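The values are calculated or read from the model by the stated rules, or taken from the named source; none is laboratory data. In this text the structure is predicted, and so the values were computed from the model without any measurement. Note that each Cβ is placed from the backbone with ideal geometry, even for glycine, and that neighbours are counted across all protein chains shown. Protein only, heavy atoms only, side chains kept; ligands, DNA and RNA dropped before computing areas. Shrake-Rupley method; radii C 1.70, N 1.55, O 1.52, S 1.80 Å.
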Amino acid sequence: MAKYGIEEFRDNEPITYPIDAKETYGTLTFTGSEVRNKFIYVDDDGEVHENQNQQESWKAKDTGQAESKYIMAYSSKTLEVMDIRVPIDFDVDSLEFDQEVELIGAVVTIGNSKKEQKVITRNGEQIRSVDCKTFPVQVEGVKVKDSKATSQPSQSQSKSEQSSKTKG
């Protein structure tokens, strides 16, 4: 069976694979966070459902309860900002913008999704929804690197040493 063969997507259930985050993404720099709330769906008769119907015609209602939490981090290797799913109880307020972070227990989850794609036909440009595979990253935790805090004093210290050398 191939690593990402059809068997890996059986029953539309995502399969997870552990990854070496440092080797795969290089240095990660925190850029922000997002909490996504849980939604319920109400049909025309007022009945509540956990999932949207196939026609996506039921009205979505925000429950106000957090369903998932993500941090965004810039990868020095892929040169992109990526969403990283963290545990719901993770304290994102402890992170500062542009702070280096290290992922603990990182796994990639393979799943099915849909994306919008522009298609040019004889009748003009159309946007169609197409099936695709996604590979989101999920972690057990995030470790904050202290490189930013330790590098700042050493830079100011070296500047003061240089200015004292030029005076003398």
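Checking each residue in the stretch 103-142 for being open to solvent by less than 70 Å² (accessible area, probe 1.4 Å), modelled with pLDDT of 80 or more and either in a loop (DSSP other than H, G, I, E, B) or under 26 Å from residue 20 (Cα atoms) (or both) picks out 103, 105, 106, 107, 108, 136, 137, 139, 141, 142. Does residue 45 satisfy the criteria of being part of a loop (DSSP other than H, G, I, E, B), at pLDDT 90 or above, of a type in the set (Asp, Glu) and more than 25 Å from residue 142 (Cα to Cα)? The answer is yes for residue 45. In the set 90, 97, only one residue is of a type in the set (Phe, Trp, Tyr) and without any contact (Cβ under 8 Å) to a residue 60 or more places away in the chain; that residue is 90.
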